[in-house]
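First up is the structure itself, then whatever we jot down about it.
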Amino acid sequence: MEMKHALFALLLLGYAFAGLSISDYTVSPETIEPGGAGYAVITLSNPSTTDPLSRVTVTISSVEGLGADRGFLIGDLEQSSSTTLTAPFHSSPSLASGVYTIEIKASGYADTYLYNPGTGTYTRQTDYVEKIASIPVKVVRAPVLSISLSSENLEDITDETITISNSGGAASNLRMSITSSGIGFLNTDEVLFGTVENSAQQAVSIDARGASDGATKLSFLVTYRDELGEEHNETKEVPVTIKKGEGDFRFSQQAPVTTGRDDTLTMLVTNSGDPVQDLQLTFASSSGVVLRGLNKVEVGDLARGESREISIPLVANLQPGTNNVNASLTWVEQGENHEGSITIPLSVKSDSEVGVFLEANPTPLVSGGQHTLSVTVSNLGSYSIQGVTVEFESDALTLLTVQPEQYIGGLDKDDFSSVQYKVQVGNVQPGNYNATVVVSYKDASGARITETKPVVIHIEPTAQSGDGTGTLLLLIVVLGGAGYWYFRMRKPKAKQ
């Protein structure tokens, strides 16, 4: 075969495989709630082994309520190469539950050379190539369920009314079973509630004959389908006291305590049994609770049915969430000394806190100038935080960045990460101006926390503009600026 014919065959092979390919994508998180945010990572590739692509662009669109519309200019995409794009989206709070699509349209131009045997020459042919794909995004208003009992004191067999309250989306085909050891529904394994939109009740009998006396958590397994028809399982716990003998006390926490900090635990102590004298409480050494300034808690005398609020100075070295804490009791009843043990469900909240630091490029900010603001968020708490988002706003600045809210993701303890904003400074007089940075995240207990950090930015006249990168002149009216420099000097910057 002549060389020119071999080259012609090779070019034909390249032409056959020319084109764009949307070869992969991921969506995180897979499901969002109305008003929630996420992002899609899209892989764009050129599968041709011979023909590069030029003038490649990507247009992303969605329904208005999903907020994914944007465009990307890729430029050239060499043969057998790929690139990735990150497309954030933020659903409207009023968006109905459903499966929505993000449409991706990628286009570009491929040059191929066709051999003409008659003239012995090659002709360049420019072809427009296009690829369209759809990415599904699930939006669902998740049910937010809570359970309460008509009585939190259980005897051997107790008639109860269980109330399920729902402050979220509808839950259908809802069923409930008890998973606590030694406790169950009498004569049935499961109770059906059906569809729960706001609240529902069922009268049941609870059999606690196999359980031990004392305070514990009654654990329910709740199974239901959300508004998209997908099945979910949740475990819900309700603090109860099982009463089978003398000394019927109930300890009810009035407010959570913060992990690892000097705090005061406020509890309501109720005596449902016979009158007692000199009731005292001591936490077990292995409980993770350390009393401050005392060895035991003195409750005092309690008549039948009497309640008393007590304040206990302590440090709770416990994980955020609900912890079962073991304690010992002593009291006098009918002239005799008694001892007992009790398990107290203790609600502990995270010491979560974030610091915020701003930098500008160029610096300083000048009236009428365009700048890039870098907003750094640091995790100052003792536990990791997840789903971190940042939103910046100031009346003195106009955001050139499409989305005011940007997604960071997770931050471990002592970690930090940054997002950037393109801004246009207004034609304002030199001086100090107010701005806010809103940071939202989930703490170690799963609770969604929103912190609003007020800042004061300083704007100089146009003549004082610089051309380098430096620290933005501002006053941070929150703790965290010094912490940022501590993190930056001590450890490498987190991935963005």
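Out of the total accessible area of the chain (probe 1.4 Å, heavy atoms of protein only), what percent is carbon and sulfur?
Working: 11520 of 24400 Å².
Answer for the chain: carbon and sulfur cover 47 percent of the accessible area.
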Here the Kirkwood hydrodynamic radius of segment 372-428, Cα-based and in Å, equals 12.4
Let me check the size of segment 253-296 from its C-alpha atoms; what are the radius of gyration and Dmax in Å?
12.8, 37
Could you please report the charge total around Thr322, scoring K, R as +1 and D, E as -1 over all other residues with beta-carbon less than 15 angstrom from its beta-carbon?
-1
Rg and Dmax of segment 346-475, Cα atoms, in Å?
16.0, 60
In whole Å, largest first, what are the principal axis extents of the Cα atoms in segment 198-269?
45, 38, 21
Taking Cα atoms, how many degrees apart are the long axis of helix 481-490 and the longest axis of the chain, rounded to 10 and kept between 0 and 90?
70
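Averaged per residue, what accessible area in Å² does the chain show with a 1.4 Å probe, protein chains only?
49
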What Rg and what Dmax come out for segment 75-128 when only alpha-carbon atoms are used, in angstroms?
20.9, 66
Per 5 angstrom bin, beginning at 0 and ending with the bin that holds the maximum distance, the Cα pairs of segment 317-375 fall in percents of 4, 12, 11, 9, 7, 7, 7, 6, 6, 6, 5, 5, 4, 4, 4, 2, 1
In nm, give the distance between the simple-model label positions of Gln403 and Ser177, each being 7 Å from the Cα along the Cα-to-Cβ direction.
4.1
Order Asp213, Asp248, most accessible first, counting only protein heavy atoms with a 1.4 angstrom probe.
Asp213, Asp248
Calculate, in whole percent, how much of the Cα-Cα pair population of segment 9-127 lies beyond 19 Å.
55
Over the residues of segment 101-184, compute the C-alpha Rg and express it relative to 2.2 N^0.38 Å.
2.78
Taking every alpha carbon pair in the chain, what does the distance histogram look like in 10 angstrom bins from 0, in percent?
3, 14, 17, 19, 17, 13, 9, 5, 2, 1, 0, 0, 0
Working from Cα positions, state the angle (0 to 90°, nearest 10) between the long axis of helix 3-16 and the longest principal axis of the chain.
40
In Å³ and rounded to a whole number, note down the convex hull volume per residue for the Cα atoms of segment 216-310.
164
Which of Lys236/Lys453; Lys217/Lys442; Lys138/Lys217; Lys236/Lys296; Lys105/Lys138; Lys217/Lys296 have a Cα-Cα distance over 28 Å?
Lys236/Lys453; Lys138/Lys217; Lys236/Lys296
Once the convex hull of the C-alpha atoms of segment 273-413 is built, how many Å³ does it hold per residue, rounded to a whole number?
182
Using helices alone, what [θ] at 222 nm do you get for the chain, with -39,500 (n - 2.57) per DSSP H run of 4 or more residues, divided over all residues and rounded to the nearest 500?
-1500 deg cm²/dmol
Pairs of Cα atoms under 8 Å, at least six residues apart: use those to get the relative contact order of segment 94-173, whole percent.
29
Remind me, relative contact order of the chain in percent, using alpha carbon pairs under 8 angstrom and six or more residues apart?
9
Mind checking the full-extension length gain between Arg225 and Thr462? Use 0.36 nm per residue of separation minus the Cα-Cα distance, one decimal, nm.
79.4 nm
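In nm, what is the difference between 0.36 nm times the number of residues separating Ala447 and Ala96 and their Cα-Cα distance?
The span from Ala447 to Ala96 would gain 124.0 nm if fully extended.
The values are calculated or read from the model by the stated rules, or taken from the named source; none is laboratory data. Source: prediction; values computed, not measured. Ideal geometry is used to build each Cβ from the backbone, glycine not excepted, and the neighbour counts take in all protein chains shown. For the accessible areas, the whole protein counts, side chains as well, though only heavy atoms, and no ligand, DNA or RNA atoms are used. Shrake-Rupley method; radii C 1.70, N 1.55, O 1.52, S 1.80 Å.
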